[in-house]
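Here the structure comes first, spelled out in structure tokens, and everything after it is commentary.
The values are calculated or read from the model by the stated rules, or taken from the named source; none is laboratory data. Quick caveat, the model's predicted, so the values are computed rather than measured. As a convention, Cβ positions derive from the backbone with ideal geometry for all residues, glycine included, and neighbour counts pool all protein chains shown. Ligands, DNA and RNA are stripped out before the accessible areas are found, and what is left, the full protein with its side chains, is counted by its heavy atoms. Shrake-Rupley method; radii C 1.70, N 1.55, O 1.52, S 1.80 Å.
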Amino acid sequence: ITFPAGSKTAIIGASGSGKSTIMQLLLKVYSHQGGELFMDGDPYETIHEETIWKHVNAVLQSNHFFFGTLRDNLMLAKEGAREEELKEGNKKGNLSAMSMEKPVLEKGENLSGGEKQRLAIARTMLKDAPIWLLDEPTSSLDALTEKQVHEHLFEQAKDDTVIWISHKLIGMEQMDQIIVMDNGKIVEQGNYEALMEKGGYFAKMKEIEKNMFGA
């Protein structure tokens, strides 16, 4: 797989198909055991983890939250952020209804699944690094909030490299390429129009989703 600078890529597939493993490899949480992995032409083994995280906005399936306030947890993304920046991040993450002084327990134990995801998204938008690695970033959000967050995120990241991992097929028309995985292997690759025209695995997934949700 190649992720060109500034491109938008979706990696989709059923649970257990290997999507999140790619995310862990890109973040150097896992070391690759075979093949080759490069960033900007440099072998991954020569790149320090801190360098990768510095240039990446990451939303994982399990994100880190710390005891403090909503403001404290937002400030982790950008030390010294101005009040206007914090409010803008809150707005884009659809957290405006929550007070900046709202207590947040260790691991976000007092937050709902949707609140955790919106806080994680708000932090990535506040950090504003040039590479976005998003693993099921809106899976706990209702359809309207998901659509709004999706629009905010892709507007901010319009010139950045985005890798969006999901089992849902919202916004696939915006992607430069879609990687379809099954059982740890890439089974299809192309843009939305090409994959729909092919009528294969992706088109069948889209048809099932349409029948289930009217999407």
Exercise for review: Just give me the residues in segment 137-153 being touching a strand residue (DSSP E or B) at 6+ places or on another chain (Cβ under 8 Å) and open to solvent by 20 Å² or more (accessible area, probe 1.4 Å), in sequence order.
Suggested key: Ser139
Check your understanding: Looking only at segment 154-166, which residues are crowded, with 16+ Cβ neighbours inside 10 Å and either of a type in the set (Asp, Glu) or closer than 12 Å to Met205 by Cβ (or both)?
Key -> Asp160, Ser166
Study note, to complete from the structure: Quick count over segment 49-67, residues being farther than 15 Å from Gly93 by Cβ and either touching a strand residue (DSSP E or B) at 6+ places or on another chain (Cβ under 6 Å) or hydroxyl-bearing (Ser, Thr, Tyr) (or both), is 6
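For (1) in contact with a Leu (Cβ under 7 Å, 6 or more places away or on another chain); (2) in a loop (DSSP other than H, G, I, E, B); (3) without any contact (Cβ under 8 Å) to a residue 12 or more places away in the chain; (4) surrounded by fewer than 16 Cβ atoms within 10 Å (Cβ to Cβ), each residue gets a yes or a no:
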position: Ser15; (1), (2), (3), (4): no, yes, no, yes
position: Ile22; (1), (2), (3), (4): no, no, no, no
position: Lys28; (1), (2), (3), (4): no, yes, no, no
position: His32; (1), (2), (3), (4): yes, yes, no, yes
position: Gly35; (1), (2), (3), (4): no, yes, yes, yes
position: Ile52; (1), (2), (3), (4): yes, no, no, no
position: Ala58; (1), (2), (3), (4): yes, no, no, no
position: Asn63; (1), (2), (3), (4): no, yes, no, no
Review point. If you take the residues of segment 1-13 that are open to solvent by less than 10 Å² (accessible area, probe 1.4 Å) and hydrophobic (A, V, I, L, M, F, W, C), which of them is farthest from Ala157 (Cα to Cα)?
Key: Ile12
Practice item. Could you please tell me which pairs satisfy a Cβ distance under 8 Å, a separation of 6+ or placement on different chains, a first residue in segment 99-128 that is without any contact (Cβ under 8 Å) to a residue 12 or more places away in the chain, and a second residue that is open to solvent by less than 40 Å² (accessible area, probe 1.4 Å)? Key: Asn110/Val104
